[in-house]
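First comes the structure, then the notes that go with it.
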Amino acid sequence: MKKEVIEKAYAFAKEQYAAMGIDTDHALKQLDQVQISLHCWQADDVGGFETPDAVLGGGGIQVTGNYPGKAKTIAQLRADIEKVMSLLPGKQRLNLHAIYGDFKNERIDRDQIEVKHFQSWIDWAGKLGIGIDFNCTCFSHPYANDGFTLSSKNEKYRKFWVEHTKRCRKIAAEMGKQLGTPAVHNIWIPDGSKDVPVDRNAHRILLKKSLDEIFSIEYPKEYLKDAIECKLFGIGSEAMVVGSHEFYLGYAIKNNKLITLDNGHFHPTEQVGDKISSCLQFLDEILLHVTRGVRWDSDHVVIFNDEIQLITQEIVRCKAINRVKVGLDYFDASINRIGAYLIGTRSAQLAFLFALLEPTEKLKVFEETGKNFERLAMLELMKTKPFGAVYDYYCLINNVPVNDDYVAEVAKYETEVLSKR
Ligand code: RNT
Ligand code: ZN
């Protein structure tokens, strides 16, 4: 797209929004505050680099599709993430899982991992000037095969996963320290049961015990933030998930942790957007896993849909951009994986921008004076305002491809790099 066209369209958009009392330049400055943590696992279908024959699985981590070009080495994954970041406006972070360590062909079990296995990631991120977030990997392992990890009745297994998660927090704290930006460490476990269990209580007692053990070590908040991720059900854990919303929200409030809200983890008629202002009454911060559920499945590429819009609107309306950490969480192996990152991240950014361009104060006045017709009319009107032109301009001033120019860049990368893997 031509620079003059983008600038002209922006000037026109700026005027239209200004007529409604909205400052588009200010909105773009706020958009800069939104850092999205890119999930490393979209590049390689949640495979990781533990062993060349790593088995994927556990609690709904199922990737479908076999589009060519999957990252098979750390170098390839880094190249992919760098490519993605070069095509995105603003600044992002990297969200790493423990199975992505730099193990240098050594077989290191999860209860043996150390900072040294992640030092090359820290150095890489330091060079790029980005932060890292981290996740223990309590799935795709023989000790998770019976469906339980931190809440396992098998004490050997439970201890193993406690040790793994403790080590992960230590590694994350070191990442935060070295990179000068706190790493959010997220705990998600697949624990649950396919069929009707009778001893839900024992597993929840065990999970609480494991978390208490894991969090018994404190790290400075400038280095590490702890998050715990709830879920209603997963494939293979339909009848019960140990780490339910009630369980983790209770734990987070009592122990001052972040609750992780993954919008693929609730009943389809529930909206994570509606949960944000509730959680923020009782927690300092929350972590979002932004994804797209389709029917009973989750983890589709994020698009600019109603659900994402409500999430970003609520964050902005709560003036909570600095209290809500945003990570993406999806895995689609049926399309170009780099393209999947770009669509998801750009759509999430667009949703934030859309929310930042809302005349919230005006809408509140309508609401407070019973003018609900006017409120709905204005909300509908905002959907056809030229926010796309504002996003294009944001890309332009950030020197990244505007409009659909990134699609050609992805195609080029596919021809030159991905198709040769
Ligand atoms: C699974 C959770 C979890 C994972 C990642 C890979 O249901 O959403 O966040 O997707 O940790
Ligand atoms: Zn998630």
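The values are calculated or read from the model by the stated rules, or taken from the named source; none is laboratory data. Predicted model, so just to flag it, every value in this text is computed and none were measured. With ideal geometry, Cβ positions are generated from the backbone for all residues, glycine too; neighbour counts draw on all protein chains shown. These accessible areas exclude ligands, DNA and RNA; they are computed on the full protein's heavy atoms, side chains included. Shrake-Rupley method; radii C 1.70, N 1.55, O 1.52, S 1.80 Å.
Positive contributions from Lys and Arg (+1) and negative ones from Asp and Glu (-1), summed over other residues with Cβ under 15 Å from the Cβ of residue 302, come out at -4. Taking every DSSP beta bridge that has both ends in the chain, the antiparallel portion is near 15%.
If you sort 124, 161, 296 by accessible surface, 1.4 Å probe, largest first, the order is 296, 124, 161.
Taking label positions 7 Å along the Cα-Cβ direction at both residue 274 and residue 67, the computed distance is 3.3 nm, reported to one decimal. Helices meeting the span-like rule in the chain (full DSSP H runs, Cα extent of at least 27 Å along the helix axis, mean Kyte-Doolittle score of 0.5 or higher): 337-356.
Between the beta carbons of residue 104 and residue 383, assuming R0 = 51 Å, the FRET efficiency works out to 0.50 to the nearest 0.05. Taking all protein chains into account, the per residue accessible area for region 64-180 stands at 41 Å² (1.4 Å probe). Shown here for region 1-91: trypsin sites (Lys or Arg not before Pro) in loop regions (DSSP other than H, G, I, E, B) with at most 14 other Cβ atoms within 10 Å, namely 2, 72. In a DSSP loop and with at most 11 other Cβ atoms within 10 Å, the trypsin sites (Lys or Arg not before Pro) in region 291-341 are 295, 319. Restricting attention to the chain, give the cysteines that have no other cysteine Cβ less than 4.7 angstrom from their Cβ. Taking the Cβ cut-off of 4.7 Å, the unpaired cysteines of the chain are 40, 138, 230, 279, 318, 395.
For the chain, averaging the sequence separation of C-alpha pairs within contact (under 8 Å, six or more residues apart) and dividing by the residue count gives a relative contact order of 21 percent. Sparse packing (at most 16 other Cβ atoms within 10 Å of the Cβ) combined with a DSSP loop state is found for the following GluC sites (Glu not before Pro) in region 214-286: 218, 222, 238, 270. Given a 1.4 Å probe and the protein chains as shown, residue 326 ends up with an accessible area of around 10 Å².
Beta bridges from DSSP with both residues in region 213-295: antiparallel share about 10 percent, rounded to the nearest 5.
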